[in-house]
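Read the structure below first, then the notes.
The values are calculated or read from the model by the stated rules, or taken from the named source; none is laboratory data. Just so it is clear, the model here is predicted, and its values are computed rather than measured. Cβ: placed from backbone, ideal geometry, glycine included. Neighbour counts: every protein chain shown.
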């Protein structure tokens, strides 16, 4: 699946925030270096959860650092806490999250000893890429129906607040 046609692409999305796919239809969803290009990644993440079967596996790889690479835009960088938050939003348990930390990250911690307690945990989950680029990897299991997720609770809340939208605005 992709936004544009290409080799090995079976399904081209017309809208990255509304998938034309049935709910609970995939055992696994894997995304590689895409969400940073997505203006509203939290909506796409929710859609990925919707099409994933209960108990299914979701894996995301996304940059934690690196140069801006607009294709067509470059909006976000992600860390381990972001993986936990995204899982919470979409009804998924984040069972693993790692980040490629730059060496300067540890230099900063060494200069600011109040953060020293974090070093063992950071080093335990660190992968060394040896480049200017770094990724965060998140592995998730779907543990609740997307309709029951925190994200959907908020979407319903905001929709109720705006039920009386004037017809002119609704048509836009």
Legend entry - Conditions (1) touching a strand residue (DSSP E or B) at 6+ places or on another chain (Cβ under 8 Å); (2) in contact (Cβ under 8 Å) with a residue 60 or more places away in the chain; (3) within 12 Å of residue 142 (Cβ to Cβ); (4) not in a helix (DSSP H, G or I): number failed by residue 27: (2)
Inset, instruction - Name the one entry in 16, 22 that is in contact with a helix residue (DSSP H, G or I) (Cβ under 9 Å, 6 or more places away or on another chain), closer than 18 Å to residue 5 by Cα, in contact (Cβ under 8 Å) with a residue 24 or more places away in the chain and assigned to a loop (DSSP other than H, G, I, E, B). - result: 16
Legend entry - Odd one out for residue 39 among (1) farther than 20 Å from residue 95 by Cβ; (2) under 15 Å from the mean Cα position of the chain (by Cα); (3) buried (at least 17 other Cβ atoms within 10 Å of the Cβ): (3)
Legend entry - Among (1) over 18 Å from residue 140 (Cα atoms); (2) at pLDDT 90 or above; (3) surrounded by 12 or more Cβ atoms within 10 Å (Cβ to Cβ), the one test that residue 22 misses: (3)
Legend entry - Count - residues of the stretch 30-55 that are farther than 21 Å from residue 4 by Cα, in contact with a helix residue (DSSP H, G or I) (Cβ under 9 Å, 6 or more places away or on another chain) and assigned to a strand (DSSP E or B): 1
Inset, instruction - Starting from the stretch 45-62, keep only residues that are at negative phi and without any contact (Cβ under 8 Å) to a residue 40 or more places away in the chain, then list their pairs with residues that are in a strand (DSSP E or B) and surrounded by 15 or more Cβ atoms within 10 Å (Cβ to Cβ) whose Cβ atoms are within a distance under 6 Å, requiring at least 6 positions of separation or different chains. - result: 51/26
Inset, instruction - Identify the residue in the stretch 60-86 that is part of a loop (DSSP other than H, G, I, E, B) and touching a strand residue (DSSP E or B) at 6+ places or on another chain (Cβ under 6 Å) and, among all such residues, is farthest from residue 41 (Cα to Cα). - result: 79
